[in-house]
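Below is one structure, written out as structure tokens; the observations come after it.
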Amino acid sequence: MELTAQEQYERKAKSYKLLLLFGMVSILMIFAGFTSAYVVSKSRPDWLKDFVLPSAFIWSTLSILLGSLTFHLALKSIKAGEVKKTSMFLWSTLALGLLFVFLQFKGFDQVIEQGYFFTGSNSNVTTSFLYIVVLVHIVHLFGGLISLLIVIYNHFKQKYNSSQYLGIELSAYYWHFMDFIWIYLFLFFYFFK
């Protein structure tokens with residue numbers, strides 16, 4: 001019994017979604033380990049109890065939330081067959097993702113302006129943890145940005161339509177996941193002192 005093209009597409013989609021889910025669970029475990037180590041390290045005598053997250057991290061949080069919204073709208077638009085709207089939302093997501101990364105590094109600058117350092121003899125464990133966790137998140141977000149660039153390229157090559165949008169869907173899932181991870185980290189760092 002031969003499968004129809006639609007049945008093959010659906011099987012392929014299920015396989016790719018399962019692989020993505022396994023990857024996301026692995027990433028989640030990395031950040032669970034980091035936050036567990038953060039909790040354990042809080043009992044150290046050199047822990048900064050009065051450290052305040054820089055304002056750039058608040059703005060970066062807003063930019064990644066907006067990026068998730070625009071990616072959702074891009075997926076919704078391609079499902080509706082609205083190619084121009086999809087393009088606009090994909091480019092907006094890319095711009096917001098790059099803004100997020102810029103604001104993360106701006107946050108590092110603000111930490112240094114507060115007189116704290118991430119490495120070296122003048123560093124402390126609190127800001128070193130923050131630095132490592134944020135950098136690891138940015139590295140994983142670069143995977144999302146690369147995926148988004150591939151999606152934009154494929155969209156430009158007209159590989160997606162209202163019935164064939166798996167690449168956009170998978171990339172959007174990953175983007176929303178990275179958004180969720182950052183919200184979790186931001187709230188964790190903001191409230192757990």
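Since every read-out is calculated from the coordinates, none of them should be taken as a lab result. Fair warning: this is a prediction, and the values are worked out from it, not measured in the lab. Methodologically, a virtual Cβ is constructed for each residue, glycine included, from the backbone with ideal geometry; neighbour enumeration extends over all protein chains shown.
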Next on the checklist: So if I check each of THR126, THR70, THR61, THR86, which one is within 26 Å of GLY167 (Cβ to Cβ), among the polar types (S, T, N, Q), outside any loop (DSSP other than H, G, I, E, B) and touching a residue at least 40 places away in the same chain (Cβ under 8 Å)?
Outcome noted: THR86
Checklist entry - Quick one: which of ALA95, ALA5 is surrounded by fewer than 16 Cβ atoms within 10 Å (Cβ to Cβ), more than 18 Å from TYR184 (Cα to Cα), of a type in the set (Gly, Ala, Ser) and within 14 Å of the chain's Cα centre (by Cα)? => result ALA95
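Among the residues of region 42-56, are any more than 30 Å from SER163 (Cβ to Cβ) and part of a helix (DSSP H, G or I)?
Taking region 42-56 first, the residues more than 30 Å from SER163 (Cβ to Cβ) are 42-56.
Subsequent filtering for residues that are part of a helix (DSSP H, G or I) retains 55-56.
Scanning region 42-56 turns up at least one residue that is more than 30 Å from SER163 (Cβ to Cβ) and part of a helix (DSSP H, G or I).
Which residues, taken from region 54-79, are of a type in the set (Ser, Thr, Tyr) and under 25 Å from PHE108 (Cβ atoms)? Explain how you work it out, then say what you get.
First, the residues of region 54-79 that are of a type in the set (Ser, Thr, Tyr): 55, 60-61, 63, 68, 70, 77.
Residues satisfying the conditions are SER55, SER60, THR61, SER63, SER68.
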Item to check | Matching residues in region 113-123 - criterion: being without any contact (Cβ under 8 Å) to a residue 24 or more places away in the chain and either closer than 19 Å to LYS193 by Cα or of a type in the set (Phe, Trp, Tyr) (or both) | outcome: GLY115, PHE117, PHE118, SER123
Item to check | Within region 23-58, tally of residues that are loosely packed, with under 10 Cβ neighbours inside 10 Å, more than 18 Å from LEU185 (Cβ to Cβ) and either of a type outside the set (S, T, N, Q) or in contact (Cβ under 8 Å) with a residue 12 or more places away in the chain (or both) | outcome: 4
Checklist entry - How many residues are aromatic (Phe, Trp, Tyr), out of contact with any Gly (no Cβ under 6 Å at 6 or more places or on another chain) and under 19 Å from TYR116 (Cα atoms) if we restrict to region 51-71? => result 1
